[in-house]
Amino acid sequence: MTAQKENNVAIECRGITKRFGSVVANDKINLTVRKGEILALLGENGSGKTTLMNMLSGIYHPDEGSILVDGREVTINSPTDATKLGIGMIHQHFKLVEVFSAMENIVLGTRETLQKPKEMKARIEELSARFGLEIDPQEKIYNMSVSEKQTVEILKVLYRGAKILILDEPTAVLTPQETEKLFEILRRMKSEGNAVIIITHKLNEVLSISDRVTILRKGRSIETVVTSESDVHSLTELMVGRPVELSIDRPPVENRSEILKVVNLSIRKPDGALALNDVSFTINRGEILGIAGVAGSGQKELCEGLVGLLSVEKGAILYDKENIVGKTPAEIIDLGISMSFIPEDRLGMGLVAGMGMVENMLLKSYRSKKGPFVKTQPAREQAQRLIKRLEIVTPGVDTPVRMMSGGNVQKVLLGREIESSPNVLITAYPVRGLDINSSYTVYELLNEQKKKNVAVIYVGEDLDVLLELCDRIMVLCHGKITGIVDADKVTKDEIGLMMTGEQLQSESETEGEN
Amino acid sequence: MENVKQKSSREALLHIIKRQEMGKRQATALRFGALLLALIAGGVFILCMGHSPFGVYRTMVSGAFRSKMAVQATVRNMIPLLLTSLSVTLAFKMRFWNIGAEGQMIMGAVFASYFGLFHSDWPHAVLIPVMLLAGIVGGGLFGLIPALFKTKFGTNETLFTLMLNYIALYLVVYLEDRPWRDPSSPGYAKFAIFGNNAKLSKVFGVQSGWIIALVMLVAVAVYMKYTKHGYEISVVGESEATARYAGMNVKKIVLRTMFLSGAVSGIAGMVQASGTTGTLSQGIANGVGFTAIIVAWLGRLNPVSIFIITFLFAVMEKGSSVVRSTFNLSEAFASVLQGIILFFVLGCEFFIRYRIVARKRGGKTEQ
């Protein structure tokens with residue numbers, strides 16, 4: 001290694017290993033990031049990306065291996081150490097004080113909190129201007145949109161003089177337009193000679209923003225490639241370890257007949273804020289209705305309202321002109337509707353994390369048997385059937401589901417719900433946290449249900465998937481519908497615009513069709 | 001790798017790391033190790049007091065079994081502790097922190113004592129079931145109060161049940177002083193002794209409450225493991241959101257379970273009043289409801305383990321009293337010894353879940 005090259009390297013990891021109990025999260029990982037470069041860290045969920053970055057930012061400590069910053073070996077014991085070394089991390093989940101202003105959050109924890117507000121404001125504004133960030137330093141966090149909050153996070157690390165920026169899945173919560181804006185900022189940082197590491201599993205973004213890509217698989221650094229010399233297919237292959245078919249099937253809708261009609265539905269969150277505001281739409285048999293929107297636009301409340309977990313403030317959910325709002329689950333089943341709900345929080349709501357598959361199967365069926373006792377035998381058989389059918393990997397049907405991998409957990413949940421042969425299947429972020437293989441299994445299962453004439457609702461975040469999988473897409477923004485469109489007649493950008501609240505002109509036509 | 005290292009800061013010497021699930025055998029070994037350490041530490045304490053640790057320990061164990069009467073006393077100690085431990089287990093399984101077994105036990109005893117004091121002319125075969133029922137209702141209702149407030153207003157059940165203990169205790173003080181005071185007793189106020197019809201008969205020389213306790217042990221074990229109600233309790237305890245998702249009526253389950261939890265403590269109160277003390281008294285519960293919390297946790301909410309631990313506690317209790325009289329020690333001595341043993345046994349639970357790792361240079365972990 002020549003001295004000159006060494007100089008150009010901002011941060012280097014040599015043989016980093018990290019174990020959690022018997023699990024090896026990182027196995028002798030090597031990683032080099034140069035100054036003035038954007039490196040994408042690509043890998044499926046559970047491949048060890050976040051663990052590695054948490055070690056760079058001082059949250060974890062490696063068991064083996066060394067970290068070099070500017071060619072010097074360092075020990076990073078705490079986030080404070082990381083800050084001193086010029087490493088700044090922007091976490092997936094923002095770490096901001098909601099009731100503080102942007103400025104207060106930015107200076108929080110630095111020695112400069114004692115400065116005059118005017119001086120701090122000037123410094124922040126100067127910093128913002130340099131990197132093209134738009135933010136009002138005096139605005140409170142709780143008034144901000146997700147992308148503004150992210151901007152504050154970025155300013156926070158820049159204010160501390162970060163030269164190495166780590167972003168953990170920064171685009172997961174952004175619209176396509178906001179993503180482009182973020183990338184503009186990252187390019188600006190790069191041109192100032194900073195090193196940027198961006199963690200993501202969205203391939204298109206990797207290709208558009210990064211200079212080089214390091215691929216992690218099962219805790220190992222597989223390869224580092226130059227972005228301009230690779231494409232979606234070669235990257236996927238490296239990430240998964242074998243060639244993968246990347247297209248999602250969309251079988252045609254056969255007979256579009258209405259099963260549920262939602263009229264002027266309004267739902268309040270438990271804290272009293274209006275989560276859904278006067279929403280009307282229909283769900284048809286044998287189609288997949290996608291729901292798009294920035295996180296927190298009312299998707300959760302819509303799902304929970306439909307299945308009766310949240311009380312409805314106003315409006316109706318009609319099944320054959322009969323309003324099912326306020327009816328008990330038993331009364332709803334008597335009408336001939338069987339609704340299944342795959343909640344976003346699988347282990348905290350859909351399943352009991354500390355129980356095994358058998359007891360989780362019982363969750364929906366234990367009441368149907370007569371007498372005071374629970375019969376576990378049918379549930380045991382059901383669990384074994386699901387293991388075979390969906391190829392679920394688990395040490396046993398009584399192993400707590402929280403010990404299973406994310407993909408297998410989702411298979412347990414989906415499998416249980418599908419076995420109850422629903423005619424409405426509501427899924428909230430069903431592939432979140434799943435690896436590519438499991439994700440495609442989920443898409444296939446949903447399509448299978450669609451072919452069985454089940455009405456499927458798919459709340460998703462990846463617009464590419466929504467566009468490929470769904471028949472119609474409904475876009476929510478601040479609890480209002482900003483458009484219901486046919487998926488094959490709309491572009492990603494148009495959906496992105498609707499997510500930020502702009503109504504689409506073609507909307508009236510689509511509604512006319514229904 | 002080069003040996004020259006420049007460090008930006010010093011590494012922490014010790015780290016606490018969460019363990020993966022520990023194997024059953026390993027956990028058991030650790031618990032026995034903790035018990036051994038406790039005995040050693042207790043031994044040092046005994047030595048400092050100028051006695052032989054082996055002599056004291058031997059007396060402790062033999063004291064609990066040395067005679068038929070000693071064994072009977074040990075069993076008698078077990079009855080209220082077993083019942084209240086089962087009582088809090090029902091609530092704890094639901095993650096409802098019922099610290100009020102003490103009060104619920106007292107209320108059970110108060111309700112039962114009403115019949116024992118004022119209807120002792122009823123035939124034994126009628127009076128005892130009525131008193132048992134009264135104990136169930138008294139304890140159950142007293143358990144229901146915090147559950148009602150929690151489901152309606154979201155009050156904190158820990159504080160609520162804790163404070164209710166004092167209400168129950170001082171209710172007994174009031175009853176003893178005024179309305180239920182024994183008029184035939186001169187001098188200071190006290191309750192009259194129950195008539196013979198109101199006393200539990202003895203089986204094998206011990207009040208028949210032990211049969212009730214064993215029946216409740218089986219009943220609670222079956223209820224928790226094999227019934228729909230028991231399943232609902234576990235689901236609510238694990239995650240209320242999941243319970244609601246599955247269509248369970250969480251409020252109803254909480255109310256029902258807390259009534260049952262209180263009822264089992266109420267039975268303990270009735271059994272204690274009717275079988276052991278022969279009347280109501282201020283010391284009817286005597287802290288058993290609090291010890292039950294420790295027993296339930298040590299037994300990991302498993303009825304069979306709880307039975308074993310209750311037995312050990314009763315042996316320790318009886319054994320200490322024998323040690324006290326044999327070696328002429330103060331009552332505090334036994335309490336200190338019990339405290340030392342509990343400290344180690346409870347402390348080892350930390351090491352079952354976490355381990356402490358010392359760091360060596362270069363970020364390498366000594367394993």
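The values are calculated or read from the model by the stated rules, or taken from the named source; none is laboratory data. Every value quoted in this text rests on a predicted model; they were computed, and no experiment measured them. We place every Cβ from the backbone using ideal geometry, glycine too, and count neighbours over all the protein chains shown.
Taking the criterion of being of a type in the set (Gly, Ala, Ser), under 23 Å from B:Phe333 (Cα atoms) and not in a helix (DSSP H, G or I), the residues of the range B:31-87 that qualify are B:Gly50, B:Ser52.
Considering the range A:362-475, the qualifying helices (runs of 4 or more DSSP H), each wholly inside and each with 3 or more residues that are surrounded by fewer than 17 Cβ atoms within 10 Å (Cβ to Cβ), run over A:377-390, A:436-451.
Residues of the range B:202-254 that are facing chain A (nearest Cβ under 10 Å) and of a type in the set (D, E, K, R): B:Lys225, B:Lys228, B:Glu232, B:Glu238, B:Glu240, B:Arg244.
Do we find a residue being surrounded by 24 or more Cβ atoms within 10 Å (Cβ to Cβ) and either modelled with pLDDT of 95 or more or farther than 29 Å from B:Leu214 by Cβ (or both) anywhere in the range B:147-155? So far as the range B:147-155 goes, yes, one or more of its residues are surrounded by 24 or more Cβ atoms within 10 Å (Cβ to Cβ) and either modelled with pLDDT of 95 or more or farther than 29 Å from B:Leu214 by Cβ (or both). When you check A:Gly21 against the structure, is it within 9 Å of chain B (Cβ to nearest Cβ), under 28 Å from the mean Cα position of the chain (by Cα) and surrounded by fewer than 21 Cβ atoms within 10 Å (Cβ to Cβ), yes or no? Judged against the criteria, A:Gly21 is a match. Considering every residue within the range B:113-135, establish whether at least one is of a type in the set (S, T, N, Q) and more than 17 Å from the chain's Cα centre (by Cα). There is at least one residue in the range B:113-135 that is of a type in the set (S, T, N, Q) and more than 17 Å from the chain's Cα centre (by Cα). Here A:Gly501 clears all of (1) under 24 Å from A:Pro251 (Cβ atoms); (2) touching a strand residue (DSSP E or B) at 6+ places or on another chain (Cβ under 9 Å); (3) surrounded by fewer than 21 Cβ atoms within 10 Å (Cβ to Cβ) except the condition numbered (1). For A:Glu104, the criteria (1) part of a helix (DSSP H, G or I); (2) at pLDDT 90 or above hold in every case but one, which is (2). Confirm whether B:Val203 is closer than 16 Å to B:Gly116 by Cβ and either of a type in the set (Val, Ile, Thr) or in contact with a strand residue (DSSP E or B) (Cβ under 6 Å, 6 or more places away or on another chain) (or both). Answer is no for this residue.
Restricting the search to the range A:216-226, which residues are in a strand (DSSP E or B) and surrounded by fewer than 22 Cβ atoms within 10 Å (Cβ to Cβ)? Those that are in a strand (DSSP E or B) and surrounded by fewer than 22 Cβ atoms within 10 Å (Cβ to Cβ): A:Arg217, A:Arg220, A:Ile222, A:Glu223, A:Thr224, A:Val225, A:Val226. Applying the set (1) under 27 Å from A:Arg432 (Cα atoms); (2) free of Cβ contacts under 8 Å to residues at least 60 places away in the same chain; (3) of a type in the set (Val, Ile, Thr); (4) part of a loop (DSSP other than H, G, I, E, B) to A:Val358 leaves exactly one unmet item: (4). Filtered by the rule that a residue be within 24 Å of A:Glu444 (Cβ to Cβ), within 13 Å of another protein chain (Cβ to nearest Cβ) and at pLDDT 90 or above, the range A:364-405 gives a lone residue, A:Val401. Looking across the range A:332-346 at every residue that is away from chain B (no Cβ under 12 Å) and at negative phi, the one that is modelled with the lowest pLDDT is identified as A:Asp334. Please enumerate the residues belonging to the range A:290-311 that are surrounded by fewer than 22 Cβ atoms within 10 Å (Cβ to Cβ) and of a type in the set (A, V, I, L, M). Residues satisfying the conditions are A:Ala295, A:Val307, A:Leu309, A:Leu310.
Here is a yes/no grid of residues against (1) modelled with pLDDT under 85; (2) within 14 Å of another protein chain (Cβ to nearest Cβ):
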residue	(1), (2)
A:Pro62	no, yes
A:Gly65	no, yes
A:Asp81	no, yes
A:Ile90	no, no
A:His93	yes, no
A:Arg111	yes, no
A:Lys116	yes, no
A:Glu126	no, no
A:Tyr142	no, no
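On the given criteria, is A:Val358 surrounded by 14 or more Cβ atoms within 10 Å (Cβ to Cβ) and more than 7 Å from chain B (Cβ to nearest Cβ)?
Considered against the rule, which asks whether it is surrounded by 14 or more Cβ atoms within 10 Å (Cβ to Cβ) and more than 7 Å from chain B (Cβ to nearest Cβ), A:Val358 comes out as yes.
Against the test of being at pLDDT 90 or above, in contact with a Phe, Trp or Tyr (Cβ under 9 Å, 6 or more places away or on another chain) and not polar (S, T, N, Q), the options A:Met349, A:Met361 yield a single qualifying residue, A:Met349. Of the strands (runs of 3 or more DSSP E) entirely within the range A:8-73, those holding at least 1 residues that are hydroxyl-bearing (Ser, Thr, Tyr) and closer than 24 Å to A:His201 by Cβ occupy A:9-20, A:23-34. The residues of the range A:29-63 that are under 22 Å from B:Lys18 (Cα atoms), of a type in the set (D, E, K, R) and surrounded by fewer than 21 Cβ atoms within 10 Å (Cβ to Cβ) amount to a single one, A:Asp63.
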